[in-house]
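The values are calculated or read from the model by the stated rules, or taken from the named source; none is laboratory data. Just so it is clear, the structure is predicted and the values come from calculations on it, not from any experiment. Please note: Cβ atoms are built from the backbone with ideal geometry, for glycine as well, and neighbour counts cover all protein chains shown. To get the accessible areas, we keep the full protein, side chains included, count just its heavy atoms, and leave off ligands, DNA and RNA. Shrake-Rupley method; radii C 1.70, N 1.55, O 1.52, S 1.80 Å.
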Amino acid sequence: MAAGVSMVHNQVERLHSANEGPARSSFTPSTGGLPADLRARLRRLLPAIYALLALGVLGALFVDARSSASSPVVVAVASSQPQDPEKGAQNYHGGGLLPSWFWPFGADTRPAAAEAAPLEKLVSFGRYGMGPGLFTDARGITVLQDRYLLVADTGNRRLQLLYMDMAQVLGGGEGRSEDDDARGEKDMLKYRTEYTGAGFVPWDVATIRDSYFVVTDTGAHRVLLLKLDHFGELNMAHAFTPSATELKTCGAFQAPRGVAVHEGTGLVVVAYGNAIAVLRLSVVDGKHPRLGFVGCLGTKEPSTLLGGFQRPMGVAILEDARQVFVVDSGNYRIQVLKMSKMGALTAVTSLGSYAKTAEDRGTALAFRLPPHGIAIHPSHATLVISEPESRCLHLIRWHNHPSQVRSRAILGAEGTIRTANSRLRGPYGLFLSAMLVVQCTGDQLTFSRWTRDGARGWLS
């Protein structure tokens with residue numbers, strides 16, 4: 001009995017001593033057996049911790065609001081800070097209130113808003129194969145009279161001539177039947193004819209004058225002049241290969257690739273080997289068009305100097321300024337040349353470099369893999385450059401001079417900010433008109449157009 005009373009007395013004393021201690025808040029975290037002074041310091045830090053968490057929540061809400069807003073300013077943001085194709089949309093904080101090292105809820109991995117892309121895909125045409133309307137490693141493309149499309153179907157060693165229904169293309173293929181076959185009698189593109197020959201391997205095409213095409217034949221090492229007759233058939237008007245005596249120090253005319261035409265002077269610029277050749281279209285007896293040699297720029301061996309080349313690819317010409325843009329693929333750059341009325345070329349500057357790291361793309365024009373095709377908007381100083389192995393496009397716009405780059409962007413092959421799960425091949429060859437951007441993406445033709453914000457930001 002006495003032992004039981006003693007036990008109850010001890011329990012009461014223990015509870016009494018516990019109640020005499022300081023009262024604890026229900027929000028105070030357990031501190032275990034920490035010393036009293038340390039517990040007091042932690043309690044004094046709690047308001048600051050709560051304030052930082054609240055600030056993190058406000059920052060997250062701010063990024064949500066800004067990323068969901070639709071505004072033309074987003075185009076400029078995408079231009080000055082392009083997305084890296086290899087990183088995709090990872091670690092995108094949107095420049096919110098908080099620095100990137102403080103993000104209590106983890107990194108925001110959402111991609112940039114799709115509506116901010118300057119281009120929107122309309123429709124794709126074709127697939128892999130050897131039949132009419134099918135393509136294998138298509139490299140070059142051009143449009144004639146806004147209705148004929150000539151494609152250098154390089155893998156099939158032929159040129160394909162297609163009739164284009166511009167209304168359906170701009171409408172995104174409306175009115176197409178799902179049962180339409182590759183020939184596309186009801187399609188937006190109708191197969192018309194093709195051109196082929198022994199040893200013929202077309203690489204690039206360009207229109208010249210009203211009904212002529214210039215084609216680089218990399219298999220037979222020559223440049224062809226083809227005419228589209230009134231019946232919609234392609235006929236060869238002239239084949240030309242510069243002689244070794246004419247080319248002198250520029251090297252033999254081996255494997256011509258990119259080609260572009262200056263309509264005002266009839267000059268034709270062709271990329272081959274490690275050099276650039278300039279040809280001129282002339283008409284003999286008033287009815288026989290001919291190509292003749294004018295000059296060249298480059299060397300036999302690859303060169304990293306300005307005015308030297310290492311496997312040049314695409315060529316584009318700014319008509320009014322007579323500026324020639326050459327994709328110097330092996331040197332990971334775009335060379336800008338000045339062309340006189342007589343066809344003499346002078347190297348002016350170069351754009352771009354090799355991107356050693358992903359961060360290099362965020363500071364200047366840089367290529368992680370060799371660039372390939374190039375096209376220029378006919379009325380504005382806007383360049384589009386293809387980087388096929390990265391499956392992306394580079395957009396560049398400048399003020400007064402190409403070295404004064406105003407804005408740039410890295411886009412996916414369909415005109416949107418590219419993410420890591422893109423599966424398209426190419427793009428290789430490009431064609432730009434006032435309305436359309438056409439891309440050869442290996443086994444397909446992809447048609448895009450400028451969005452409203454894209455036209456305002458890049459073509460105004």
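Considering the range 119-459 at the alpha-carbon level, its Rg and Dmax are found to be 19.0, 58 Å. Put Thr136, Thr357 in order of accessible area, highest first, and with a 1.4 Å probe you get Thr357, Thr136.
Compactness check for the range 325-377: Cα Rg over 2.2 N^0.38 Å is 1.29.
The candidates Ser243, Ser329, arranged from most to least accessible area with a 1.4 Å probe in the full protein assembly, appear as Ser243, Ser329. Per-residue surface analysis assigns Glu246 an accessible area of about 70 Å², computed on protein heavy atoms at 1.4 Å probe radius. Cross-linked pairs Lys300/Lys341; Lys248/Lys356; Lys121/Lys300; Lys287/Lys341: Cα-Cα separations exceed 32 Å for Lys248/Lys356; Lys121/Lys300. Peptides 165-171, 368-374 ranked from most to least packed give 368-374, 165-171, packing being the mean of other C-beta atoms within 10 angstrom over each peptide's residues.
Evaluating kT/(6 pi eta Rh) at 4 °C and 1.567 mPa s, with the Kirkwood radius of the range 237-338 over Cα pairs in the Stokes-Einstein relation, gives 94 µm² s⁻¹.
Sparse packing (at most 15 other Cβ atoms within 10 Å of the Cβ) combined with a DSSP loop state is found for the following trypsin sites (Lys or Arg not before Pro) in the range 255-353: Lys287, Lys300, Lys341.
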